[in-house]
Amino acid sequence: MHQPMLPNPYGDGLQFYNERKPFKNSEDDVDHSGSTGTDATTENEVEHGLLSEAETAWAQRERSIQHVLFPPLRLFFKPPTGMATNGTFVQVASLENLYKIFERC
């Protein structure tokens, strides 16, 4: 399985998410069990670790877009008149009209 690649919002290109290797003890290098089936479980753990790390990075990115980027855009973004009239941006609803509609309810 390939390593997940996510765009780096800081402009450094793509960022690879590698497994963080824990501190290894010299006793860990010696295989006491004598079995060779640990390769598949180790690979599975590595894949799971990479996927969980990528999921965390995407969740943080989505949260920052939703809570940091969109609120100021919603408040302060004023499209140029050309974009407002040619259909690039469409006003879905206005607060005044919504008050008139729900006032009757």
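Of all residues in the range 25-67, which are at pLDDT 85 or above and loosely packed, with under 10 Cβ neighbours inside 10 Å?
HIS67
Take the residues of the range 74-91 that are of a type outside the set (Val, Ile, Thr), in a helix (DSSP H, G or I) and loosely packed, with under 10 Cβ neighbours inside 10 Å: which is modelled with the lowest pLDDT?
Selected residue: ARG74.
Checking PRO22 against (1) at pLDDT below 85; (2) assigned to a helix (DSSP H, G or I); (3) surrounded by fewer than 11 Cβ atoms within 10 Å (Cβ to Cβ): exactly one of these is not met. Which one?
Condition not satisfied by PRO22: (2).
The values are calculated or read from the model by the stated rules, or taken from the named source; none is laboratory data. Note that this is a predicted model, so its numbers are computed, not measured. In this analysis, Cβ positions are derived from the backbone assuming ideal geometry, glycine residues included, and neighbour counts consider all displayed protein chains.
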